[in-house]
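Chemist: First, the structure itself, so that you have it in front of you.
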Ligand SMILES: C[S@@+](CC[C@H](N)C(=O)[O-])C[C@H]1O[C@@H](n2cnc3c(N)ncnc32)[C@H](O)[C@@H]1O
Ligand SMILES: O=C(O)C(=O)C[C@]1(C(=O)O)C=C[C@@H](O)C=C1
């Protein structure tokens with residue numbers, strides 16, 4: 001990205017009281033560095049969105065990027081697909097994120113049709129879409145609100161449509177989960193975070209980022225009506241799933257340049 005991005009040092013000094021994590025201006029300023037050093041596989045997941053879209057997106061279809069932050073999903077698609085291939089709407093609760101996303105998209109992909117709107121993905125009137133992406137967003141909704149959002153997204157998807165859902169996850173087995181969390185903290189150490197940063201961020205995320213199990217994600221997506229759900233990526237306690245609206249979605253994947 002060409003934007004000025006600062007190194008994430010938000011939890012690097014001792015805090016008397018660690019406030020709940022929020023996507024405020026300090027987080028926006030260091031967000032690219034924070035996600036790169038905190039989400040295992042973040043860059044690899046982004047790199048696959050264009051590849052998946054090439055195979056499943058109807059020509060000129062509408063795409064939603066929900067909880068878009070600085071618009072990385074749209075930029076990833078724009079890096080791979082021509083301007084006429086899709087139209088994208090990014091939605092985020094944080095107006096600061098949306099403002100920066102608009103600036104970055106205008107600078108980096110001025111020819112692609114991408115708009116960024118402030119909004120709560122729980123209360124949106126969704127338009128028909130070929131692809132909907134939730135890249136590390138559902139985990140921030142209160143658990144009780146998650147089913148209804150996924151139901152709405154299923155209804156908004158066109159025939160042949162896909163939902164891509166990336167999430168921090170919790171393993172059902174307690175020991176397996178402890179191992180994954182410990183290795184995740186090692187991953188953060190290896191990326192330059194101190195013990196204090198790791199522990200204060202953990203406290204700040206309590207009751208803010210509430211992870212589900214992979215089984216719960218699969219069950220929710222299946223319950224909403226998706227015909228097929230596949231976990232296509234997992235790196236420690238971070239995973240990405242793709243949910244297909246229709247039964248024949250797998251054989252329905254098209255050649256990269258072919259129009260639907
Ligand atoms: C971890 S970030 C997403 C990262 C981003 N998708 C990416 O790929 O770089 C989570 C985002 O979800 C947004 N968010 C949380 N709850 C939301 C809601 N109810 N409606 C819209 N956005 C929400 C936050 O403001 C934040 O920008
Ligand atoms: O730092 C952590 O512990 C995380 O869970 C990473 C995570 C996420 O998964 O969304 C949490 C908050 C920030 O948005 C960036 C990354």
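Every number here is computed from the coordinates shown, using simple stated rules; none is lab data. The structure displayed is predicted, hence computed values, not measured ones. Cβ: placed from backbone, ideal geometry, glycine included. Neighbour counts: every protein chain shown.
Chemist: So if I take the centroid of the Cα atoms in segment 43-57 and the same for segment 120-185, what is the distance between those two points in Å?
Modeler: 17
Chemist: Work out how much length residue 231 to residue 23 would gain on full extension: take 0.36 nm times their residue separation and subtract the Cα-Cα distance, in nm to one decimal.
Modeler: On the way: separation 208, 0.36 × 208 = 74.88 nm, distance 2.74 nm.
Extending this stretch completely gives an extra 72.1 nm.
Chemist: Would you order 254, 201 from fewest to most other beta-carbon atoms within 10 Å of each residue's own beta-carbon?
Modeler: Least to most surrounded, the residues fall as 254, 201.
Chemist: Going by alpha carbons, how many degrees (0 to 90, nearest 10) lie between the helix axis of 214-224 and the longest principal axis of the chain?
Modeler: Value to nearest ten degrees: 40.
Chemist: What is the Å³ per residue value for the convex hull set by the Cα atoms of segment 25-248?
Modeler: 117
Chemist: Could you tell me how many degrees, from 0 to 90 and to the nearest 10, lie between the Cα long axis of helix 95-108 and the main elongation axis, the longest principal axis, of the Cα atoms of the chain?
Modeler: Helix 95-108 sits roughly 60 degrees off the main axis of the chain.
Chemist: Something else now. Using Cβ counts within 10 Å as a stand-in for footprinting exposure, how do 48, 97, 34 rank, fewest first? Before the final figure, lay out the partial values.
Modeler: Details: 48 17, 97 24, 34 21.
Least to most surrounded, the residues fall as 48, 34, 97.
Chemist: Please list 166-173, 17-24 highest first by mean number of surrounding beta-carbon atoms within 10 Å per residue.
Modeler: Per-residue Cβ counts within 10 Å, averaged per peptide and sorted highest first, yield 166-173, 17-24.
Chemist: Be a star and scan segment 204-237 for residues whose amide nitrogen sits under 18 Å from the point 7 Å along the Cα-to-Cβ vector of residue 247.
Modeler: 222-230
Chemist: Let me ask something additional. Okay, helix-only estimate at 222 nm for the chain: each DSSP H run of n ≥ 4 adds -39500 (n - 2.57), divide by all residues, round to 500 deg cm²/dmol; what do you get?
Modeler: Calculated at 222 nm, the ellipticity per residue is -13000 deg cm²/dmol.
Chemist: Based only on Cα atoms, what Rg/Rh ratio does segment 183-223 have, Rh being taken as Kirkwood's radius?
Modeler: 1.17
Chemist: So how tilted is helix 143-156 from the main axis of the chain? Cα-based, degrees 0 to 90, rounded to 10.
Modeler: So the helix axis and the longest Cα principal axis differ by about 20 degrees.
Chemist: Could you work out the pair-distance distribution P(r) of segment 86-209 from its alpha-carbon pairs, with 10 angstrom bin width and percents rounded to whole numbers?
Modeler: Taking all Cα pairs of segment 86-209, the binned fractions are 10, 31, 31, 23, 4 percent.
Chemist: What's the exposure ranking of 59, 123, 112, going from fewest to most Cβ atoms within 10 Å?
Modeler: Listed from fewest to most nearby Cβ atoms, that is 123, 59, 112.
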